[in-house]
Amino acid sequence: MASRAIWKGQLRLSLVSIPVEIHSATRSASRISFRQIHEPSGKRVKYEKTVPGIGPVDKDDIVKGYDTGDDQYMLIDPAELDAIKLETKKTFELVQFVDACEIPPLYFDKPYYVVPTDDLAQDAYRVVRDALRAAGRVGLGQFTMRGKEYLGAVKPCGDGLLLETLHYADELRDADPLFSDITDDKVDTDLLDVATTLIDRKSGPFDATAFKDHYADALHDLIAAKRKNKKTKRVTTGSDDAPAGENVVDLMAALKESVKKTKAKPAGRGGRKKAS
């Protein structure tokens, strides 16, 4: 499946603007996801936005509320948020450059690939890439994506550019309260020598392919085995376009049937499991 751009705009260096796209550098397609199924009826569990005493509400009637305290909320219309003008909505300007190793790892959040949108943009794109590589620097700037302004660092990555979003300083927790109880006593030198020796023996170049997600592999094996097993219980959820009234009737009947089955079971073995 072709990658879809999640942001389109301009990467700007001083007076030079380069049309670019941002693509996610990670994927979750290989991970297994589950849907919640109501076992008695075999139907998918859905979630509705509801208001106590009113029931389901139209999404067009929903606005954002800022908590001012004492259960009071100041209402803000989505149009008011969209009206906020930010220079970073369509432009990612590199405003500062720092050494590649100067940013603490704690600040890094998510990686993205930055690619030129067309052949005409490639010349300027390559100049920025090679200049960053020659200087050993990363470029810092801000851009707006999905209604939020991000801080990002751009650096060379192979033939292209990698953007890594960074946490703002006020988003990071102070570590001192967590580490303050760790005493600063000297460690046993013999133990330190043994630990250092172990580290040296297990040191080597970083190779991400050497690490596997064992849980994901086991989950894939489980799904494959259950698919082959004809005794595996299956349900057909049917169309999601059934009338709302019919769904309510079916769900009520299923719930009543569940209550009957629950009451019929003895309280001891075979009864309801305790919540973990």
Net dipole in debye of the stretch 126-207 [+1 Lys, Arg Cβ; -1 Asp, Glu Cβ; about Cα centre; nearest 20]: 880
Ordering of 114-120, 67-73 by burial proxy (mean other Cβ atoms within 10 Å per residue, highest first): 114-120, 67-73
Flagged links, alpha-carbon separation over 21 Å, of K8/K148; K8/K155; K155/K202; K90/K148; K46/K231; K110/K155: K155/K202; K46/K231
Contact order normalised by residue count of the stretch 10-136, Cα under 8 Å, 6+ apart, percent: 40
Förster radius 25 Å - calculated FRET efficiency between S3 and D82 (Cβ-Cβ, nearest 0.05): 0.40
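What ranking do 139-152, 48-61 get when scored by the average of other Cβ atoms within 10 Å per residue, highest first?
So the peptides 139-152, 48-61, ranked by packing, come out 139-152, 48-61.
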Rounded to whole Hz, the Karplus (6.51, -1.76, 1.60) HN-Hα couplings of the stretch 47-62, x for glycine and proline: 10, 10, 7, 10, 10, x, x, 10, x, x, 10, 6, 5, 5, 8, 9
For Y150, residues with placed amide H under 5 Å, excluding near neighbours: F143, T144, M145
Partners for K64 among aspartates and glutamates (Cα-Cα distance below 13 Å; same-chain residues under 8 apart left out): D77, E80, D82
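Take the Cα atoms of the stretch 111-173, build their convex hull, and give its volume per residue in Å³.
Enclosed volume per residue, from the Cα hull, is 104 Å³.
Values in this text are rule-based calculations from the coordinates and carry no lab data. Bear in mind the structure is a predicted one, so any value in this text is a computation, not a measurement. Cβ coordinates were reconstructed from backbone atoms using ideal geometry, including for glycine residues, and neighbour counts include every protein chain displayed.
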